[in-house]
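Take a look at the structure set out below.
The values are calculated or read from the model by the stated rules, or taken from the named source; none is laboratory data. From a predicted model like this one, the values you see are computed outputs, not experimental measurements. With ideal geometry, Cβ positions are generated from the backbone for all residues, glycine too; neighbour counts draw on all protein chains shown. Side chains included, ligands, DNA and RNA excluded: accessible areas come from the protein's heavy atoms. Shrake-Rupley method; radii C 1.70, N 1.55, O 1.52, S 1.80 Å.
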Amino acid sequence: MTRGPARWPAGGQTQGHTGGLARGLASGLAGGLADPGRAELFSLALRYGPVTRGQLAEWTGLDASTVTRSLRPLIDDDYLRETGRPSASDQPVTRPAVAGRGRPVQVLSVNPGRHVALGVKVGPTAVSAVLTDLAATVIGRHTVPLASTEPSVALAAVCGAVDELLLAAGCDRADVLGVGVGLSGDIDPGSGACRLSAILGWRDVPVREPLAATLDLPVVVENDANTLALAEHWFGRGRGVRTLAVVTLGIGIGCGLVLGDRLHTGVRGIAGEFGHLPLDPNGRVCTCGARGCLEALAGDDAICAVSGCESVAEAMRVAAGQGAAAERARSAFRGAGDALGRGFAGLCNLVDPELVIIAGESSAAFGLMEPAARESLAVHGFSGIASEVRIEVDAGQEDLWTRGAASVAIRAGVGHL
């Protein structure tokens, strides 16, 4: 069940850095969203709608007349639509259907087609992109294989994918709220540059500025795990959950954090580097150069090395069989699960999330890791937290990363960086 916030926090939607908006990010918006107060109301309606004016007043602490006055330009400019009285299926509407002197309570819903957004994931073998509406519903997809991860090659592929999607959908650039780009690594929140990406082999690569200049569109760049956390929080399993973590399993192990309803990225933008928790000083060497990081113990390479398989998918098939090879594969997943559980314990002991969502390319293998992970969490988690935190798997793979990137563009576009 979706629920609204008990009281909406003042200020922006990122806890930690407040990095700059991409050039021109707000200027392309119609007048209705140019005002920060209206943008906040629109954000609430987008995330928790359908909503009533009374709910928006309650969540923001504004009086009803101020809310009504602020909403009028959004309704006039077709960002919000009045859709009649609330029904039993309208969540999080909980107020009576009639208020005052018998006046009907009007439900407000976002017009998702008012703008489009683009989400792009830059990976080691391909650039994947989607076109979405304001509810992050995918309208179109395009993938460009990469011959190399050379920055000029990858960024050219991003521009090509964006142009192809807009052309195919018949969208004018004036319709575009923004372009979100997600990639693995350390992203400078101020400049939108990639400080370091071991997977891409990038160091100090400008990303946002060259893309914004070439595309002539607002661009925001974010760590890919953070994009998933935002997407889950605004539009997915974490909708209405105030504190959650999204842990991604794959070649790398990442984590996006939402603390107190805000995406938390830290002062330098590197909060949530879950895969680089130091767990075993005698463990395998990690891609970062350190020894015994969680990623080095539970990532895809570790599972393949212990199981003797070429891929995690192969290790899963082997583990389902019999004999020495099967036992070796199951042992690999148990070891990865044990390390992951210790990582969960550290995460839960520090931030006490209500929900941990497992996602990423290797999330399908979590079932083989889960018993060991939960046992390890129970041993190392403080004060019974293992029995309180919910751990869920979001196994959906199509559009996972790209939809997350689009969500970042949507959030930035409505004034909540």
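Counting only the backbone N, which residues of segment 276-309 are under 12 Å from the spot 7 Å out from the Cα of L350 toward its beta-carbon? Those under the cut-off are 276-279, 294.
What percent does the relative contact order of segment 156-263 come to when contacts are Cα pairs within less than 8 Å and at least six residues apart?
Working: 161 pairs, mean separation 21.4, N = 108.
In percent, rounded to a whole number, it is 20.
Applying 0.36 nm per residue to the separation of D172 and V267 and subtracting their alpha-carbon distance, the gain on full extension is 30.6 nm.
Which GluC sites (Glu not before Pro) in segment 365-417 pass both tests, a DSSP loop state and at most 15 other beta-carbon atoms within 10 Å? Before the final figure, lay out each step's value.
Working: sites: E375, E388, E392, E398; in loops: E398.
Hits after loop and neighbour filter: E398.
With a 1.4 Å probe and all protein chains in place, put C348, C288 in order of accessible area, largest first. Before the final figure, lay out each step's value.
Values: C348 5, C288 75 Å².
From most exposed to least exposed: C288, C348.
For segment 178-278, applying the loop criterion from DSSP together with a ceiling of 15 other beta carbons within 10 Å to the trypsin sites (Lys or Arg not before Pro) yields R268.
Per-residue extension of 0.36 nm, minus the Cα-Cα distance of D76 and R317, leaves a gain of 81.1 nm for this segment.
Indicate the gyration tensor shape class of segment 322-398 (rounded, prolate or oblate), computed on the Cα atoms with a ≥ b ≥ c the square roots of the eigenvalues: a/c under 1.5 is rounded; otherwise a/b larger than b/c is prolate and the rest oblate. The shape class here is oblate. The E310 and A395 beta-carbon pair, evaluated with R₀ = 25 Å, returns a calculated FRET efficiency of approximately 0.70.
The figure for T137 is an accessible area of roughly 80 square angstrom, using a 1.4 Å probe on the protein chains alone.
Relative to the longest principal axis of the Cα atoms of the chain, helix 366-380 runs at roughly 90 degrees. Taken over the chain, the alpha-carbon convex hull comes to 145 cubic angstrom per residue.
Heavy atoms only, 1.4 Å probe, whole protein assembly: order D224, D188 by accessible area, highest first.
Working: D224 15, D188 45 Å².
If we order D224, D188 from most to least accessible, we get D188, D224.
Rolled with a 1.4 Å probe across the full set of protein chains, the surface gives E295 an accessible area near 30 Å².
Mean residue ellipticity at 222 nm, helices only, the chain: -11500 deg cm²/dmol; runs of at least 4 DSSP H residues each add -39,500 (n - 2.57), and the sum is divided by the number of residues.
Against the criterion of solvent-accessible heavy-atom surface with a 1.4 angstrom probe, F382, F235 sort, most first, into F382, F235. Secondary structure note: in the chain, about 60% of the DSSP beta bridges are antiparallel.
Centre-to-centre, using Cα atoms only, segment 395-411 and segment 236-279 are separated by 15 Å.
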